[in-house]
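Read through the structure below, which is laid out as structure tokens, and then see the notes.
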Ligand code: PLP
């Protein structure tokens with residue numbers, strides 16, 4: 001059993017704890033400084049200033065201009081807006097969308113909806129490590145293509161996609177390029193200019209900010225329809241009273257993440273590699289999913305043959321270790337991950353996968369405890385598995 005009583009949280013891709021500085025920065029705007037930024041009295045003007053200053057901070061972090069940043073309710077809304085907004089605004093030009101097979105459901109379900117509205121979709125395959133081939137993007141373009149959407153980094157296997165190459169291809173062909181950077185922003189460098197990005201989705205709760213708060217970057221001049229209709233907030237593009245405290249929380253968290261990214265990412269990357277090496281060497285019949293190096297600093301995704309990922313999770317929960325089998329939105333479903341299947345993993349191996357995602361607050365001791373616990377749990381499950389071929393004295397092949 002784990003010796004300490006504090007749960008070891010290794011599910012940072014699902015959500016992250018808020019930093020104290022973020023909670024402190026948000027507090028006044030939940031309390032005394034509550035005025036609606038759209039009102040005209042003095043305290044409302046203060047709220048407006050706060051929103052615009054946060055917009056500057058977000059723009060600075062992405063290499064964008066402030067008037068290209070729109071606050072939303074999170075990654076899901078940003079993805080929906082980008083996909084539906086671009087598809088409908090460009091309907092007269094064409095009806096073809098290119099995306100990848102391993103996108104988050106916020107993208108995949110949006111394009112499925114668009115398919116029902118008469119759009120056609122090309123789903124790009126990925127290789128065994130989860131990489132999209134930029135050449136495949138080029139090959140998929142037709143004269144009807146009006147949008148390319150490929151994620152910056154995958155939420156399940158952590159693979160970082162070659163988005164700057166894809167962005168260039170899109171730019172050369174005059175097609176808007178959207179990237180779901182929800183797992184990337186605050187963790188790896190992302191620049192809308194360098195990467196030729198026209199639209200970018202981000203979400204505050206993935207970088208130690210508040211839940212229910214996100215942003216969409218829309219490059220100036222991009223034709224896009226509104227998703228939400230109502231008041232004239234966000235320059236008449238996204239209706240709804242601004243989430244003042246959430247906006248402050250997002251900007252504060254992003255600013256801290258960007259300023260400490262270099263040192264923190266290096267530290268987390270070391271922990272990640274210690275966890276990967278430890279698990280692969282301690283547990284026989286295990287394999288790393290995703291790319292070995294083009295990988296998010298905190299992501300570990302490993303398949304253990306002859307066991308079910310869900311069973312590992314339940315036993316780890318008993319050991320006070322919080323982990324996941326795939327994305328939080330699909331956990332609870334018995335379908336194997338669409339991401340792992342797209343990398344060519346067999347169903348039964350995909351079923352035995354565990355995602356441990358590290359972040360702010362994790363220590364070397366956490367990693368060592370997790371290695372020991374996962375090794376023990378997998379061994380226990382294999383001992384009662386009729387599928388496990390080695391009835392051991394511990395002498396695995
Ligand atoms: N896109 C990716 C890659 C994600 O990982 C997530 C959340 O898990 C989302 C979109 C949705 O973001 P949100 O939870 O802010 O709606």
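The values are calculated or read from the model by the stated rules, or taken from the named source; none is laboratory data. What you see is a predicted model; the values in this text were computed from it and never measured. Glycine also receives a Cβ, built like all others from the backbone with ideal geometry; neighbour counts cover every protein chain displayed.
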* Flag if residue 25 is under 25 Å from the mean Cα position of the chain (by Cα), part of a helix (DSSP H, G or I) and over 30 Å from residue 319 (Cα atoms) -> yes
* Structure fact -> Subset of region 170-195, residues within 13 Å of the ligand (Cβ to nearest atom) and assigned to a strand (DSSP E or B), comes to 178, 179, 180
* If you go through region 45-60 one residue at a time, do you hit one that is surrounded by 20 or more Cβ atoms within 10 Å (Cβ to Cβ), in contact (Cβ under 8 Å) with a residue 60 or more places away in the chain and within 16 Å of the ligand (Cβ to nearest atom)? -> yes
* Asked: Just for region 196-211: of the residues that are within 16 Å of the ligand (Cβ to nearest atom) and farther than 18 Å from residue 106 by Cα, which one is farthest from the chain's Cα centre (by Cα)?
  -> 197
* To do: Test residue 358 against the stated conditions and say whether it is within 16 Å of the ligand (Cβ to nearest atom) and at pLDDT 95 or above.
  => yes
* Of the conditions (1) assigned to a loop (DSSP other than H, G, I, E, B); (2) under 17 Å from residue 183 (Cβ atoms), residue 307 fails just one. Which one is it? -> (2)
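Just checking, how many residues over region 86-122 are away from the ligand (no atom under 16 Å from the Cβ) and surrounded by fewer than 23 Cβ atoms within 10 Å (Cβ to Cβ)?
Of the residues in region 86-122, the ones away from the ligand (no atom under 16 Å from the Cβ) are 86-98, 114-122.
Right, trim to surrounded by fewer than 23 Cβ atoms within 10 Å (Cβ to Cβ) and you get 88-96, 114-122.
Count: 18.
Consider residue 76 carefully, then state whether it is part of a helix (DSSP H, G or I) and in contact with a helix residue (DSSP H, G or I) (Cβ under 9 Å, 6 or more places away or on another chain).
Working: part of a helix (DSSP H, G or I): yes; in contact with a helix residue (DSSP H, G or I) (Cβ under 9 Å, 6 or more places away or on another chain): yes.
It is true that residue 76 is part of a helix (DSSP H, G or I) and in contact with a helix residue (DSSP H, G or I) (Cβ under 9 Å, 6 or more places away or on another chain).
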* Structure fact -> Inside region 212-242, the number of residues satisfying the requirement of being away from the ligand (no atom under 13 Å from the Cβ) and closer than 18 Å to residue 25 by Cβ is 1
* Can you name the residue in region 318-332 that is closer than 18 Å to residue 303 by Cα and modelled with pLDDT of 95 or more and, of all such residues, is nearest to the ligand (Cβ to nearest atom)? -> 324
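Residue-wise test of (1) assigned to a strand (DSSP E or B); (2) closer than 22 Å to residue 266 by Cα; (3) within 16 Å of the ligand (Cβ to nearest atom); (4) not assigned by TED's automatic domain parsing to the domain that holds residue 292.
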site	(1), (2), (3), (4)
136	no, no, no, yes
147	yes, no, no, yes
155	no, yes, yes, yes
168	no, no, no, yes
